[in-house]
Structures are given as C-alpha cells and as structure tokens.
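Undergrad: This is the structure, below, for whatever I ask next.
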Amino acid sequence: MKLLKTHRQEAVLLLILVLGFVLVGLITPSFFSIKTLDTLWHDSALLLTLALAQMLIIMSRGIDLSVASNLALSGMLVALLSQHFPGLPMPVLLLVGAVSGSLLGMVNSFLITGLNLPPIVATLGTMSVFRGLIYVVSEGKWITSKDLPQHVMDFPNARFLGLSTLQWEFLVVLGLFFVVVHHSRFGREIRAYGGNPSASKYVGIPEKPRVFALYVLSGLVSGIVGVLWVARYAIAYTEVAQGFELQVIAACVLGGVSIAGGVGTVIGTMLGSLFLVGLYNALPVVHVSPFWQTALVGLSILVAVVVNQGARKAIGKNILRQTGQNQQAGQV
C-alpha cells in the first residue's frame, strides 16, 4: 500500500496503458495480440534510451534540446562511413557513433559549465548548429537502403533467444539506468542537486563535474541511438528525427519526471515512453485523423503535467501532516 502511494503516478500510467490497450483491442481486434506488444516493445527502444538520459538532465534542473540533432548528425556520419567502407562491422560503427555523440555532448557541457550559459539556450543553439552540419557533411544528399550494407540494416531486427536486438538493448539500457539512478552515488547526487542546488553545495556535491558528465552522457547515448536509427529505418538525411527531442521530453514528463528537478524514476520514464509509442500506434488503428493525433498527444502531456503537480502537492501535504503529528507527539 505504501509502495502504491509512493508511486501513484506510475501506477495510474500503467493502468491507463492496460485499459487503452484493451479498449483499442476491442475496437480493432487485430491490435489485441502478442505481435502488437512485440512491435511496441521493439519500437520503444530508441525513444526510451534517449528519454532515460534526458531524465537525468531534467532531474538536475537542466534540459538537452540537441539530442535529435546529435542523433541525426552522428547517424549521418556513420551512414557515410558505412557507405564508403561497407565491410566495417557494427561494433566499429557503434563505437564511431558513441565517440561522435560524446564529442557533440562535450560542446554542450562546455557551453553550460564553462561559459555558464543556461542549458535551454546552449542546447537550442547547438540544436541548430548540429542540424546545419548535417547539410555540410552530406551536401544535402540522402543515404538510403541501396547505399547501406545489408548487415547494418539486419542488425536491429536480428533475433536472439526470441528477442530482437532493439528489445535486448531496451532491457540492457533499462537495467543500467536503474542501477545508476536508484543505486549509485552519482544518481543520488544528481537527485540531491536537482532537488536543492544550494543545500547540495554545502554537503560537497561537485556541481560542474556532475553537470558536465550528464551532457556528455546524453551525447553518447544520442550518438549510439543515431547509429541504431539509421540501421532501423535504413535511411539518413538532413531532417531525420526532426522534432524527436519533444517526444523525448514528453516521455519524461508523462513518466512523472518533475520539470522543477530532483524527481524522477526509471520505471516511470519507461512507462511514459511506452505510453507515447502506444498512443502513436493506436490512434491510426482507430482511424483518428492525423490532424487530431498531434493535438491528442499534446493534450495527454498537459493532463500528465497537471496530475504530476497534483501528486507533488499531495506528497507535500502528507509531509507537513506527518511533521505536525510528530511535533504534537513530542510536546505530549
């Protein structure tokens, strides 16, 4: 019961997910199948990976708007490399994407911790710069399936023990972030800093090194996702993943990550990602007009923010009530 109260938003989101799946399944029976669940899990991997890195940044009271541009630029670099050197194995391409993304993330880190720019301003600027660099390196050309080696395109869908590579990636990333966020000193320091930056300085939490590491981590994750994106969709061009950063932030907000910092869970972010991917897959199935789909997704995000704020107020009232009860007990 205590666990349910503590994670009320995650429980509500899980209930909505199950009810929504059943409802859409009743309207369109073909949606209500193991195959649909398998597809949702497969399609959620890339969004979840970026959302978890973004969750840590939002918990520290920051934001990274450049993730989609970083993804697209790193993906384009790897696509060009594999086009000219088709024999390069996937581990090498993933390593190139990780290095590329990390270097781009360091640019954000330097702007925020070195030049003291607000994260939203710094990453808004690099978002445009990274997107512009894609035009420079690709000269505006598209790289499609006929330009990519077959082993690259086969990688995301390759199956091992019944699960695709992307589904395994989903599980591994989920496990790693769960340990980092909930069972490591780094995760506790980020949560403490986001919750109260002034108090965290007094207890000796090094602010700038932690923030620097967060944006490098976000860049590294974006670079790897860029490689997987190119392999998954077999295409690289200048507008790849344009606007995807908003979906990443939306998944965090839906999952209960507080935009005021200090609050967020890995499970909540996972549910937020699944909810968003499920919504994008379900709306066309029940024949909702494409004009209404974006509006409905936006409406669901607004509702989530309102629920989030309500939950935070309820927790605050409980803390005040318990404090008052403890004081009365002490006086007696």
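Undergrad: Just to check, using Stokes-Einstein with a Kirkwood Rh over alpha carbon pairs, what's the diffusion coefficient of region 218-279 at 4 °C and 1.567 mPa s in µm²/s? Mind dumping the intermediate values first?
TA: On the way: Rh = 12.9 Å.
Result for D is 100 µm²/s.
Undergrad: In degrees from 0 to 90, rounded to the nearest 10, what is the angle of the helix 266-285 Cα long axis to the longest principal axis of the chain?
TA: 60 degrees
Undergrad: By its C-alpha gyration tensor, with a ≥ b ≥ c as the square roots of the eigenvalues, how is region 11-137 shaped: rounded for a/c under 1.5, else prolate for a/b larger than b/c, else oblate? Before the final figure, lay out each step's value.
TA: Working: a/c = 2.86, a/b = 1.45, b/c = 1.98.
Verdict is oblate for region 11-137.
Undergrad: Let me ask you something else. Probe of 1.4 angstrom, ligands and nucleic acids ignored: what's the accessible area per residue over the chain, in square angstrom?
TA: Per-residue value: 50 Å².
Undergrad: Separate question: With the contact rule set at Cα under 8 Å and sequence spacing of 6 or more, what percent relative contact order holds for the chain? Can you show the working numbers first?
TA: Values: 472 pairs, mean separation 107.0, N = 332.
That works out to 32 percent.
Undergrad: Cα gyration tensor of region 71-156, axes a ≥ b ≥ c as square roots of the eigenvalues: rounded (a/c below 1.5), prolate (a/b > b/c) or oblate?
TA: Details: a/c = 3.30, a/b = 2.01, b/c = 1.64.
It is prolate, given that a/c is not under 1.5 and a/b is the larger ratio.
Undergrad: I need the shape label for region 102-214. Rule: rounded when a/c is under 1.5, else prolate if a/b > b/c, else oblate, with a, b, c from the alpha carbon gyration tensor. Walk me through the numbers before you get to the answer.
TA: Numbers: a/c = 4.23, a/b = 1.37, b/c = 3.10.
Note, shape of region 102-214 comes out oblate.
Undergrad: Quick one: Karplus J couplings for region 290-298, per residue in order, coefficients 6.51, -1.76, 1.60, θ = phi - 60°, nearest Hz, x for Gly and Pro?
TA: The phi angles translate into x, 5, 8, 4, 5, 5, 5, 5, x Hz.
Undergrad: Another question, if that's okay. Based solely on its DSSP helices, what 222 nm [θ] is calculated for the chain when runs of n ≥ 4 H residues each add -39,500 (n - 2.57) and the sum is averaged over all residues, nearest 500 deg cm²/dmol? Present the calculation step by step, with values, prior to reporting the outcome.
TA: Values: 14 runs with 250 residues, N = 332.
About -25500 deg cm²/dmol.
Undergrad: Moving on. In terms of modelled amide H atoms, which long-range or inter-chain residues lie less than 5 Å from the amide H of G255?
TA: For G255, the qualifying residues are G272.
Undergrad: Also, I was wondering about something else. Where in region 187-224 are there chymotrypsin sites (Phe, Trp or Tyr not before Pro) that are in a DSSP coil and have at most 15 other Cβ atoms within 10 angstrom of their Cβ?
TA: Numbers: sites: Y193, Y202, F212, Y215; in loops: none.
For chymotrypsin sites (Phe, Trp or Tyr not before Pro) across region 187-224 that sit outside H, G, I, E and B with at most 15 neighbouring Cβ atoms in 10 Å, the list is empty.
Undergrad: Here's a follow-up. Note down the Stokes-Einstein diffusion coefficient of region 192-304 in µm²/s, whole number, using a Kirkwood radius over alpha carbon pairs, 20 °C, and 1.002 mPa s.
TA: On the way: Rh = 16.6 Å.
For these conditions, the coefficient is 129 µm²/s.
Undergrad: Let me ask something else. Taking only Cα atoms and a 10 Å spring cutoff, compute GNM fluctuations for the chain and point out the largest among S100, S69, S128.
TA: In this elastic network of the chain, the residue with the biggest mean-square fluctuation among S100, S69, S128 is S128.
Undergrad: Run a plain Debye calculation on the chain (Cα atoms as equal point scatterers, no solvent) and give log10 I(q)/I(0) at q = 0.06, 0.11 Å⁻¹, rounded to two decimals, same order as the q list.
TA: After summing over all Cα pairs, the log10 values are -0.23, -0.75.
Undergrad: If packing is taken as the average number of other Cβ atoms within 10 Å across a peptide's residues, how do 72-85, 229-242 rank, most packed first?
TA: Numbers: 72-85: 22.8, 229-242: 20.3.
Ranked by mean Cβ neighbours within 10 Å, highest first: 72-85, 229-242.
The values are calculated or read from the model by the stated rules, or taken from the named source; none is laboratory data. Small disclaimer: the values here were computed from a predicted structure and weren't measured. In this analysis, Cβ positions are derived from the backbone assuming ideal geometry, glycine residues included, and neighbour counts consider all displayed protein chains. The accessibility values were calculated without ligands, DNA or RNA, using every heavy atom of the protein model including side chains. Shrake-Rupley method; radii C 1.70, N 1.55, O 1.52, S 1.80 Å.
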